[in-house]
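The block underneath contains the structure these notes are about, expressed in structure tokens.
The values are calculated or read from the model by the stated rules, or taken from the named source; none is laboratory data. Here the structure is a predicted model, which means the values were calculated and not measured. As a convention, Cβ positions derive from the backbone with ideal geometry for all residues, glycine included, and neighbour counts pool all protein chains shown. What goes into the accessible areas is simple: the full protein's heavy atoms, side chains included, and nothing from ligands, DNA or RNA. Shrake-Rupley method; radii C 1.70, N 1.55, O 1.52, S 1.80 Å.
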Amino acid sequence: MTWNEMQPLLYDRTLDTLFMVWWSGFYAVLLGIPLGVLLHLTHRGAVLQNVVVNKVLGAIVNIGRSFPFLILIVVLIPFTRFLVGVSIGPTGAVVPLALAAIPFFARLVEAALREVDHGLVEAAHAMGGGTWTIVFKVLLPQALPALIAGVTTLVIQLIGYSAIAGAVGGGGLGDLAYTYGYQQYETPLMIATVVELILLVTLVQVLGDRLVRRLAQRGTRASSLRVGLRRARTEEPPAVTEAA
């Protein structure tokens, strides 16, 4: 197979892979953040401490993460067909990809929130801040760099999962590598597919790392500014009252 023959195949399958990664990542972030926040808030000593709810949610997340992805695709075929009307192709692959990614990202969110200084949460609570205030004004903003790093890890994981889905009819670069590269012995196409997957993962990692560094620098500057203002206020000399 010549390069001119490979180009349209690579282009179409790349679009399929990006379609799968985008939509499954979107749903994973949309549902994984609330699930991760709830796991953190119901943890022992947290704002909404509830050991039973935390254990139940933790068990559900662990079960979701323990399924091998290839088996998960097969198990979800009836549900996928019911939900989106098809069980194969990029659209059909989005469902198992998202369901595999949601518990994975929820644990990343929980870990990111756990790194937030507990003193900030206590201060917000002491000033009368409710649960929503603590979540949206303290936890999520303070954990934003770690959350972006988690999204980067999630996208890279989904790129790998999408290749597995392609090998069982999900389309994308995995389907191209399996159908043409493996079954039809098109070694140049196989190499081109592997190189493209490596480039995709590298691009996502570089962009994610750069964004995390920028957010971390902004957070450091803002924290330094707040500390400086507090010191200035405490060191300000008391006002001299004039004698009547």
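From the phi of every residue in region 205-212, what ³J(HN,Hα) in whole Hz does the Karplus formula 6.51 cos²θ - 1.76 cosθ + 1.60 yield, where θ is phi - 60° and glycine or proline is x?
5, 5, 5, x, 4, 5, 5, 4
May I ask you to give the percent of accessible area on the chain that is carbon plus sulfur, with a probe radius of 1.4 Å?
Working: 9640 of 14720 Å².
Within the chain, the accessible surface is 66 percent carbon and sulfur.
What does the net charge come to around ASN62 if you take all other residues with beta carbon closer than 15 Å to its beta carbon, with K and R at +1 and D and E at -1? Could the numbers behind the result be given before it?
Values: positive: LYS55, ARG65, ARG107; negative: GLU110.
Net local charge, ASN62 excluded: +2.
TRP22 to ARG114: FRET efficiency via 1/(1 + (r/R0)^6), r the Cβ-Cβ distance, R0 30 Å, to the nearest 0.05?
Efficiency, from the Cβ-Cβ distance: 0.60.
Can you tell me which of PRO141, PRO68, PRO96 moves the most in a GNM of the chain? Springs connect C-alpha atoms under 10 Å apart.
PRO68
Could you give the dipole magnitude of the chain about its Cα centre, charging the beta-carbon of Lys and Arg +1 and that of Asp and Glu -1, in debye to the nearest 20?
700
Which of GLN183, ALA124, ILE60 sits closest to the plus end of the dipole of the chain, meaning its Cα is farthest towards the positive end, when Lys and Arg get +1 and Asp and Glu get -1 on the C-beta?
ALA124
Per residue of region 110-125, what does 6.51 cos²θ - 1.76 cosθ + 1.60 with θ = phi - 60° give for ³J(HN,Hα)? Whole Hz please, x for Gly and Pro, Karplus curve as stated.
Here the 3J(HN,Hα) series is 4, 5, 5, 5, 5, 7, 5, 4, 5, x, 5, 5, 5, 5, 5, 5 Hz.
Using Cα pairs closer than 8 Å and at least 6 residues apart in sequence, work out the relative contact order for the chain, in percent.
Reported as a whole number, the value is 24 percent.
Through the Karplus equation 6.51 cos²θ - 1.76 cosθ + 1.60, θ set to phi - 60°, convert the phi angles of region 184-199 into ³J(HN,Hα) values in whole Hz; use x for Gly and Pro.
Per-residue couplings from phi come out as 10, 6, 8, 4, x, 5, 4, 5, 4, 5, 4, 4, 5, 5, 4, 5 Hz.
Farthest toward the dipole's positive end in the chain, which of LEU113, GLY85, LEU207, given Cβ charges of +1 (Lys, Arg) and -1 (Asp, Glu) about the Cα centre?
Result: LEU113.
Between TYR185 and ILE60, what FRET efficiency follows from the Cβ-Cβ distance if R0 is 41 Å, with the result rounded to 0.05?
Once the sixth-power term is evaluated, E becomes 0.40.
Choose one answer from GLN157, GLN184, GLN142: the residue with the largest mean-square fluctuation in a GNM of the chain with alpha-carbon springs under 10 Å.
GLN184
What is the sum of charges around MET20, taking Lys and Arg as +1, Asp and Glu as -1, for the other residues whose C-beta is under 14 Å from the C-beta of MET20?
Summing Lys/Arg as +1 and Asp/Glu as -1 gives -2.
Any idea of TYR161's accessible area? Nearest 10 Å², probe 1.4 Å.
About 60 Å², ignoring ligands and nucleic acids.
Can you give the local net charge around LEU39? Use residues other than it whose beta-carbon is closer than 13 angstrom to its beta-carbon, Lys and Arg +1, Asp and Glu -1.
Result for the neighbourhood of LEU39: +4.
Report the extension gain between ARG210 and VAL194 in nm, rounded to one decimal, defined as 0.36 nm multiplied by the number of residues separating them, less their alpha carbon distance.
Result for the pair: 3.3 nm of gain on full extension.
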